[in-house]
Structure formats: C-alpha cells, structure tokens
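Engineer: Before I ask anything, here is the structure I am working with.
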Amino acid sequence: MQQITISDLKNFVGQEVTLYGWLYHKRSSGKIKFLVLRDGTGYVQCVYFKGNVSDEIFDIADRIGQESSIIVTGKVKQEPKAPGGYELDATDLKIIHETHDYPITPKEHGIEFLLDNRHLWLRSKRQVAIMRVRHRVVKAIRDFFDGKGFTLMDAPILTPNAVEGTSTLFETKYFDLGSAYLTQSGQLYAEAGAMALGKVYTFGPTFRAEKSKTRRHLTEFWMVEPEVAFADLNDDMDLAEEFLEYIVQTVLKEKEEELKILERDTTKLQNVKRPFPRIHYNEAVEILKKHGVEFQWGNDFGGGDETVISEQFDRPVMVHHYPAEVKAFYMKRDPQDERFALAVDVLAPEGYGEIIGGSQREDDLDILLKRIAEHNLPQSAFEWYLDLRRFGSVPHSGFGLGLERTVSWICGLEHLREAIPFPRLIYRNTP
RNA sequence: UCCGCGAUAGCUCAAUGGUGGAGCAUCCGGCUGUUAACCGGAGGGUUGCAGGUUCGAGUCCUGCUCGCGGAGCCA
C-alpha cells in the first residue's frame, strides 16, 4: 500500500492508497460515514459504508472526534462533486491518537477565543491558506532580489542605542553594557552592507513598542529592506514597482487555490502592473482637498487620508517628496527645494495603506551631522554610521516593505493578526 | 494615551427591573450520498470581579479587571 499525500491523489485514481492526517470534519447517515481528512496538503472526503468495512472499523469512524490523528486506506475515486475532485472509497481506518472535544468547532467563533487558541486555529482551512500565501510571498521576495544580484545580509536584532527615542523600543538588559533594544529597522546596517556589496537586502523581524491598537499594527512584524549603492529616488521607485508587481503576479499565478479559499476578489490584484502612478506630495494634498478632507499642508497622511488617495487609482500609488519635517533624519532633501525629502511611500489599493516606505539617503557628512543635531540625536551613537559618509560615500537609496501588510492586502484580510502565525499585539503575547 | 462598545452554558448569541433561553458542540437514539447534513431526546449556569439602589438586579448606579473597534504613530 502506497503512502501518499492528498495533493498527490490525482496520480493514483483507481489505486488503493494510504493517507496520514487528521479528522477535519465528520458527517454520518446511518450506515454510511463521511470523514473529511486533512494532511496539510489538502482535504479529502473518505467514505465508509457499513458492510464494506468491518464493524470494528465502522465503530471507530463513528467514535473518533474532530482532530483525531488517523491513518486512512482506500481506493481513490474521481468525484466531480467533491471539492478538489477526488474522494476515497475507504477500506481501513487506524487511530494514531484519538481525541474528543476539540475547542474549535465548524461554527463561528469570536476573535478573542480564536486568538487564545491560535495554536489550534492555524489548522483551519482559511489559516492554512493564509500561511501558504505568506510563504509564497516570502519566497517571491527572496527570488526577486536574489535574481537581481542582491545579497541577503541580515541586520542584528539586538541593537545598542535608542536611535529615534526610547518610547517605541523594547528594552532588555545586556550584561555589563547596560541596555539593548530590539531593532525597529535594519536599514542603517543595510546601508553599511550596500557600501560593501553594492546591492543588499535584510529580511527579518522588527519590533515597535508603539501603543498602536489598530488592524494595521503589530508589535512584532517582518520587514524586507533592500539598499542599493549608486541609486537615486527614481531608481528606488523603479525597484519598488517592479518588486511589487513580481510579488503580486507570482502569488496570483501560483496560489490561485488559496486565494479562492480566502474568497479574494483577484481582479483588483490583476491590475498590479507597472507603471504605478507617481504623484508628488502636493498632488496628494490636492486630491484630499478635492474630496473635502481637512488637511494641513506639511503633515503626514493618516490612515483615512491614505485611503482617499489610494482610492483614486486602480493599482498601488507612489507618493514622493514628503515634507522633510515629518520624515527621518537620514533622508536626503531635494536640492531643488529643501522643504521636501527624497522620500517615497507606496500605498496599496483598497484601503490597505502604506506597505512600502523608502528614500534616497543623505550621503553628505556635514549635512547628516546637522540633521542629527536638529533631531536631538546622540552623535556618538552614529559614529559608525557616519563613517559610511567619511569613507567613499555614494548616493544610495532603499526602502522597507512590511511583510504582514503585504500578505494582508494580497489575501484581502480584515486584520494584520491573521497574516502572521503568532501575532504579537499590544495586549497579547500568547500563545 | 484618548474616544466608543462589550463581558450570560465549551462556542456564538437572546432574555420589558419579576421562574435565565436558543443554535452549534458533547452524550443517547434514527437515517446507505452527506457538503457548517438532517430528525428526536438528554446533560450542561457563582450572568467577569467588588460594592450600591430596590420587596426583587443578567438588566439600574459606582469602582475595578479583561477584551474588542477606532484615533494618534507607523511597515
């Protein structure tokens, strides 16, 4: 008897096979029982007729509870009515572990209950589909950069200094050196990498101790940050749009089944093709005014503002030249107009907001020193970073893409917490 | 941190200030093609915690705890 997976059933029609998995769902009708098996690769209905199997096997099928782990043997049958197209005419059933009273039933549950049971919730169809898409997005990210001559060069997670104020940093004791902080961004280290390798990217978890309590925030999330030497803001935008197009089109092509399970309207994703609209901050402000939004020039956009702006377009929109005041110290200012930073945010459609933030970096030592002073940052903490401008400084640019926001957008999720296996939220760090 | 909402059976919810219910889950019984199957029956409650008002509080009032939605901030 051949042991196979549910995803391989199509190659074994008419043959008797053995599947290992968990009981996902059960229906019975007197002398016939329908056991839906899941094995991580898919779902298949196994049909047990009384008479075709021994009474003992039939009793097991009757008795075992949802999520019991079992070994099923039977003949593969094509069944147009079955989801997936195949069904198992079962001949045998063995128990690996019998269980009862599994907490997550086929009926609806509240979000608190589901998050308390996240370790079990992950077994459900929808969550499995999301994790598959997440995995494919991660692979697409790596394939894209690897294929373009980038080197993966990860940044440290424990960092020595409170760079942009301690209020949003997680602090931890660090032996005799006092405190260390969980990284908020690998960018400064990526810049060092770009000066060594030309094109690099960091990809890992980042941490923000912001007391944010919205569907768009996690305290721990994953970010990919490419950094390119000899690249200006336009090069940065070129890279960002090619990157996003590649991710979305790849997932559309390869995770069709999962997006269907998630009931994602993929027509909106089909549009994600170059070129993306590029608008100046001033144009974005005009759009807000035209739509009756009260907005003070010079401010950053809020979530609602971003939605209004992105609704004007059928694909991601790149907003560039933000007022320098609201942007980070390391962003280079526009030599034509010092009020603006050479920065870009990419706003996803359908209200998903900012998924990419990037900029051309300040490469002049003296200007950077001035910015550090203006932001009341401790220069000593940045001496290593300033060295990058002392020894062979070049124009360079990069951006950061939030993985969970991207997954959330592609999957059409209501909340970021479903886009990561074990979400960390302001009032939750379990399981 | 601020604004708003909520906490009742394992889960999702209902209950005019007057004997706390339903669906699902569980258990028992029925059904040879079910798709969140269906039909009949049973068990299951310190109504988040602490006070108060009242003849009487799940319901009204005060405080607390926990959670949810949003804002600000950000990816």
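The values are calculated or read from the model by the stated rules, or taken from the named source; none is laboratory data. Note that the structure is a prediction, hence the values are computed from the model and not measured. A quick note on method: Cβ atoms are made from the backbone with ideal geometry, for glycine too, and the neighbour counts reach across all protein chains shown. Side chains included, ligands, DNA and RNA excluded: accessible areas come from the protein's heavy atoms. Shrake-Rupley method; radii C 1.70, N 1.55, O 1.52, S 1.80 Å.
Engineer: With 24 Å as the limit, write out which pairs from A:Lys139/A:Lys199; A:Lys31/A:Lys94; A:Lys199/A:Lys370 have Cα-Cα distances beyond it, or answer none. Write down the numbers at each step before the final one.
Structural biologist: Numbers: A:Lys139/A:Lys199 18 Å; A:Lys31/A:Lys94 19 Å; A:Lys199/A:Lys370 27 Å.
Violating the 24 Å Cα-Cα cut-off are A:Lys199/A:Lys370.
Engineer: Which three extents, in angstrom, do the Cα atoms of segment A:118-218 have along their principal axes, listed largest first?
Structural biologist: Result for segment A:118-218: principal-axis Cα extents of 47, 37, 25 Å.
Engineer: So, one more: Assuming 0.36 nm per residue, please report the length gained on full extension of the stretch A:Leu369 to A:Lys273 beyond their Cα-Cα distance.
Structural biologist: Details: separation 96, 0.36 × 96 = 34.56 nm, distance 3.98 nm.
Extra length from A:Leu369 to A:Lys273 when fully extended: 30.6 nm.
Engineer: Ignoring ligands, DNA and RNA, how do A:Tyr48, A:Tyr352 rank by accessible area with a 1.4 Å probe, largest first? Walk me through the numbers before you get to the answer.
Structural biologist: On the way: A:Tyr48 0, A:Tyr352 45 Å².
Most to least solvent-accessible, the answer reads A:Tyr352, A:Tyr48.
Engineer: Could you please tell me the mean projected area of the C-alpha convex hull for segment A:2-97, averaged over all directions and given in square nanometres to one decimal? Mind showing how you got there, number by number?
Structural biologist: Values: hull surface 21.6 nm².
For segment A:2-97, averaging the hull's shadow over all directions gives 5.4 nm².
Engineer: Then there's this: For chain A, what does the helix formula give at 222 nm: sum of -39500 (n - 2.57) over DSSP H segments with n ≥ 4, over the residue count, nearest 500 deg cm²/dmol? Please list the in-between numbers first.
Structural biologist: Working: 13 runs with 130 residues, N = 431.
My calculation for chain A gives -9000 deg cm²/dmol from helical runs alone.
Engineer: For A:His119, tell me the accessible area in Å² from a 1.4 Å probe, rounded to the nearest 10.
Structural biologist: My reading of the accessible area for A:His119 is about 90 Å².
Engineer: Label-point separation (nm) for A:Tyr102 and A:Ser29, each offset 7 Å from Cα along Cα-to-Cβ?
Structural biologist: With each label placed 7 Å out from Cα toward Cβ, I get 2.2 nm.
Engineer: Please report the accessible area of A:Phe391 (heavy atoms, 1.4 Å probe, ligands and nucleic acids excluded) in Å², nearest 10.
Structural biologist: Here the residue's solvent-accessible area equals roughly 150 Å².
Engineer: Mind listing the Cα extents of segment A:359-410 along all three principal axes, in Å, largest one first?
Structural biologist: In descending order, the Cα extents are 42, 25, 16 Å.
Engineer: Now for a separate question. Evaluate the Kirkwood expression for the hydrodynamic radius of segment A:281-405, namely the inverse of the mean inverse distance over all pairs of different C-alpha atoms, and round to one decimal in Å. Please report the intermediate quantities before stating the final value.
Structural biologist: Numbers: mean 1/r = 0.0635 Å⁻¹.
Roughly 15.7 Å, rounded to one decimal.
Engineer: Which lysines, if any, have their Cα less than 16 Å from the Cα of A:Lys125, not counting same-chain residues under 8 positions apart?
Structural biologist: Candidates past the 8-residue exclusion: A:Lys26, A:Lys107, A:Lys255, A:Lys260.
Engineer: What net charge do the residues around A:Lys33 carry, taking every other residue with its C-beta under 12 Å from that of A:Lys33, with Lys and Arg at +1 and Asp and Glu at -1? Let's see the in-between values first.
Structural biologist: Numbers: positive: A:Lys26, A:Arg27, A:Lys31, A:Lys50, A:Arg63; negative: A:Asp59, A:Asp62.
Cβ neighbours under 12 Å give a net charge of +3.
Engineer: Another one. Please give the Cα centre distance for segment A:135-214 versus segment A:4-44, rounded to the nearest Å.
Structural biologist: Each part reduced to its Cα centre gives a spacing of 43 Å.
Engineer: Working from the alpha-carbon coordinates of chain A, get Rg over Rh, Rh being the Kirkwood radius. List each step's numbers first, then the result.
Structural biologist: Numbers: Rg = 26.2 Å, Rh = 24.5 Å.
With Rg and the Kirkwood Rh in hand, the quotient comes to 1.07.
Engineer: Moving to a separate point now. How big, on average over all directions, is the shadow cast by the Cα convex hull of segment A:243-349, in nm²?
Structural biologist: Numbers: hull surface 32.1 nm².
Average projection, Cα convex hull of segment A:243-349: 8.0 nm².
Engineer: At what distance in angstrom do the alpha carbon centres of segment A:328-362 and segment A:265-283 lie from each other?
Structural biologist: After rounding, the separation between the Cα centres reads 17 Å.
Engineer: Please turn the phi angles of segment A:46-51 into ³J(HN,Hα) values with the Karplus equation 6.51 cos²θ - 1.76 cosθ + 1.60 (θ = phi - 60°), one per residue in order, whole Hz, x for glycine and proline.
Structural biologist: These are the phi-based 3J(HN,Hα) values: 10, 9, 10, 9, 5, x Hz.
Engineer: Please list, short to long, the whole-number percent of alpha-carbon pairs of segment A:337-431 in consecutive 5 angstrom bins beginning at zero.
Structural biologist: Once binned at 5 Å, the Cα pair distances of segment A:337-431 give 2, 11, 15, 14, 14, 11, 12, 13, 7, 1.
Engineer: Let's test the formula: R0 of 25 Å, r as the Cβ-Cβ distance of A:Lys94 and A:Asn117. What FRET efficiency results, to the nearest 0.05?
Structural biologist: Numbers: r = 27 Å, r/R0 = 1.10.
Working from the Cβ atoms, E equals 0.35.
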